Amino acid sequence: MRKGSIAPAPLWWPTGRVRSEHPCSHPVPLVLGIETSCDETAVAVVRDGTEVLSSVVSSQVDLHARYGGVVPEVASRAHTELLVPVTAQALVEAGVTGRQLAAVAATTGPGLVGALLVGVSAAKAFALTWQVPFVAVNHLEAHLYAALLEEPDLAFPLVVLIVSGGHTMLVEMLDHGDYRLLGETLDDAAGEAFDKVARFLGLGYPGGPAIDNAALDGDPSAIAFPRAMRNEGLDFSFSGLKTAVVNHVRENPDVSTADVAASFQAAVVDVLVEKSRRAAADVGARALALGGGVAANTLLREQFLGACADDGIQGFIPTRSMCTDNAAMIAAAGWYRHQRLGPSPLDTGADPRDRLFHR
Amino acid sequence: MLLLGIETATEQVGCAIGGHEGVLASAHCAKGRRHAENLTPQIEFICGQAGIELSDIGLVAVDVGPGLFTGLRVGVSAAKAIAFALSIPMIGVSSLDLLAFTVRYSPRLIVAAIDARRGELYHGFYRQVPGGVQRLSAQQLGTPDDLASELLATNEEVLLVGDGARRYAEVFDGLARVELAEIGNGFPSASSLVQLAHPRAMREEFEQPEAIQPLYLRRPDAEINWSTRHR
Ligand SMILES: [Zn+2]
């Protein structure tokens, strides 16, 4: 696994460095995954939907930091520059050539439309040139597969909590391709709340790691922030919590920022963990897993696994680099999708509001 | 050598295949701004019509703009992907050069103008030369009114071409010595792209694929706002 800015872009033309083999000598299904739905340009090669041969992620976080959030036009331009060099690196690291691939999968939505189109256009061009199937992948479906990719033995029915800057949802996975939405946020996504509170507290961008860090020195029980909808169903609401933080700081200007960060984080994590274990109990899940960028949060990881242990249910959290946006999960989801439904048509476009449910 | 040309700078999606014998096949669709949806199937179609495999292509030429940002990114991303997948060289061509090339037999001053939205145009000035046209100055972004004043100041017979010229026809129509080219020349053509790139390919005037990027001529709004705030 590689993370961070790509090392000096490999020369991708001419490509004498990639060892070439006979195109048909590879019986093993290799899928190239491409992810450009937000601010990570990512390409990966995954074998059989389970073995990551390479996973290159070029994060644009530095490009967007000064704007305090992802700027779609800036993201689209960066994807256009980075996608082919990142692809070259993913193929070289995996030690395969394009013609050995069984399919090319790309995120077609949800996400930023201009950013998605870069990945979709390149993926379809690769598929056409290498004469392999193109597979359209839903970004959220891919987050579901992050856990299965690292822990193929997770038993169905599996409940997955996806928490990121754009989404907060509890999904029951009954089988490959068979999902049920158990609950989702009614307003802000959890990651969005982290970003907004971090900005308000002057902790910088992105908010997730900033709050995680600041909270290390704070007392999570210092301030009793509300746990919205704690006992009502499996849906979430985080906008009231953000308002509570703002009000508390305005009323107590001398309050310790570390305490606010720690107490805010504790309130979010409490609700996420509480609803996840209730969802698992409701549907009789055999396993519980996490996905999405917020799953990198230290406190959430601790409490989530603790709750699974208490409840005697198999719990799994993917590695941090698999929780945040990456292309290995796209390749894995694409592989399973291709087995079920076959290739996607070459006139597929991007669908920025693509939904995992009622499609 | 066979060339594949990809052109997505305007509302139109175009692609063409050609070589020594000229253009073998081409497809253009100006309906619905479906760049990402149409491009790959169109390339597949013209390969079939020309009776070749995509792997027979020896060079990818791409219209790098200026033009619609999203369209450009679709075309440039696909072109680079194909060039990378086949390990073949690339040539980038300006959308305004392509427009001017279609009316190259006119002795007048040729002005190519592409709609840049937000009340602005991308434009360039050209003069007929043996075998094509020569750009006289840098490609620019400006308002139709500014362009109209510039045209008046030249005191020359002008042929104005492109969807930008047509969109602001009312600004240019009344100008003396200025004529708007017919609508058939409104968009850059992938066939012209192949024709223009072919001699360059023969002279091996390739570009590093990394260097081939959309020509935006306009910074992202966020960047403009940020630099005004932080001056
Ligand atoms: Zn995501």
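This table checks each residue for (1) open to solvent by 10 Å² or more (accessible area, probe 1.4 Å); (2) aromatic (Phe, Trp, Tyr); (3) touching a Gly at 6+ places or on another chain (Cβ under 9 Å).
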position: A:Leu112; (1), (2), (3): yes, no, no
position: A:Leu116; (1), (2), (3): no, no, yes
position: A:Tyr145; (1), (2), (3): no, yes, yes
position: A:Pro157; (1), (2), (3): yes, no, yes
Limited to segment A:45-88, what total is found for residues that are under 17 Å from A:Ala105 (Cα atoms) and more than 12 Å from chain B (Cβ to nearest Cβ)?
13
In segment A:106-121, residues that are away from chain B (no Cβ under 11 Å) and away from the ligand (no atom under 16 Å from the Cβ) total 0
Take segment B:1-42 and flag every residue that is within 9 Å of chain A (Cβ to nearest Cβ) and of a type outside the set (Val, Ile, Thr).
B:Arg34, B:His35, B:Ala36, B:Glu37, B:Asn38, B:Leu39, B:Pro41
Identify all residues within segment A:263-296 that are touching a strand residue (DSSP E or B) at 6+ places or on another chain (Cβ under 7 Å), within 16 Å of the ligand (Cβ to nearest atom) and open to solvent by 10 Å² or more (accessible area, probe 1.4 Å); write none if there are none.
A:Val294
Counting only residues that are of a type in the set (A, V, I, L, M) and without any contact (Cβ under 8 Å) to a residue 24 or more places away in the chain, how many does segment A:217-248 have?
1
If B:Gln208 passes every condition in (1) in contact with a Phe, Trp or Tyr (Cβ under 9 Å, 6 or more places away or on another chain); (2) open to solvent by less than 70 Å² (accessible area, probe 1.4 Å) but one, which one does it miss?
(2)
Residue, farthest from the ligand (Cβ to nearest atom), within segment A:309-339, restricted to residues that are charged (D, E, K, R) and buried (at least 21 other Cβ atoms within 10 Å of the Cβ)
A:Arg337
Do you know which residues across segment B:178-203 are part of a loop (DSSP other than H, G, I, E, B), in contact (Cβ under 8 Å) with a residue 24 or more places away in the chain and open to solvent by 40 Å² or more (accessible area, probe 1.4 Å)?
B:Phe187
Condition test on B:Ala153, is it exposed (fewer than 15 other Cβ atoms within 10 Å of the Cβ), away from chain A (no Cβ under 14 Å) and assigned to a loop (DSSP other than H, G, I, E, B)?
no
Residues (more than 14 Å from every other protein chain (Cβ to nearest Cβ), in contact with a Leu (Cβ under 7 Å, 6 or more places away or on another chain) and not small (Gly, Ala, Ser)) located in segment B:197-226
B:His198
Could you say which residue among A:Ala190, A:Ala224 is closer than 28 Å to A:Arg250 by Cα, under 19 Å from the mean Cα position of the chain (by Cα) and of a type outside the set (S, T, N, Q)?
A:Ala190
Hey, can you tell me all the residues within segment A:141-169 that are more than 16 Å from the ligand (Cβ to nearest atom) and touching a strand residue (DSSP E or B) at 6+ places or on another chain (Cβ under 7 Å)?
A:Glu151, A:Leu154, A:Ala155, A:Phe156, A:Pro157, A:Leu158, A:Val159
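Listed here are the residues, each with its yes/no results for (1) assigned by TED's automatic domain parsing to the domain that holds A:Ala331; (2) of a type in the set (A, V, I, L, M); (3) more than 16 Å from the ligand (Cβ to nearest atom); (4) modelled with pLDDT of 95 or more.
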{"position": "A:Gln100", "(1), (2), (3), (4)": "yes, no, yes, yes"}
{"position": "A:Val104", "(1), (2), (3), (4)": "yes, yes, yes, yes"}
{"position": "A:Ala123", "(1), (2), (3), (4)": "yes, yes, yes, yes"}
{"position": "A:Phe126", "(1), (2), (3), (4)": "yes, no, yes, yes"}
{"position": "A:Trp130", "(1), (2), (3), (4)": "yes, no, yes, yes"}
{"position": "A:Phe134", "(1), (2), (3), (4)": "yes, no, yes, yes"}
{"position": "A:His139", "(1), (2), (3), (4)": "yes, no, no, yes"}
Go through segment B:43-146 and tell me which strands (runs of 3 or more DSSP E), entirely inside it, have 3 or more residues that are within 14 Å of chain A (Cβ to nearest Cβ).
B:57-65, B:90-94
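The values are calculated or read from the model by the stated rules, or taken from the named source; none is laboratory data. These figures come from a predicted structure and were not determined experimentally. Cβ sites come from the backbone with ideal geometry, for glycine too, and all protein chains shown count toward neighbours. Accessible surface is based on the protein model in full, side chains and every heavy atom, while ligands, DNA and RNA are left aside. Shrake-Rupley method; radii C 1.70, N 1.55, O 1.52, S 1.80 Å.
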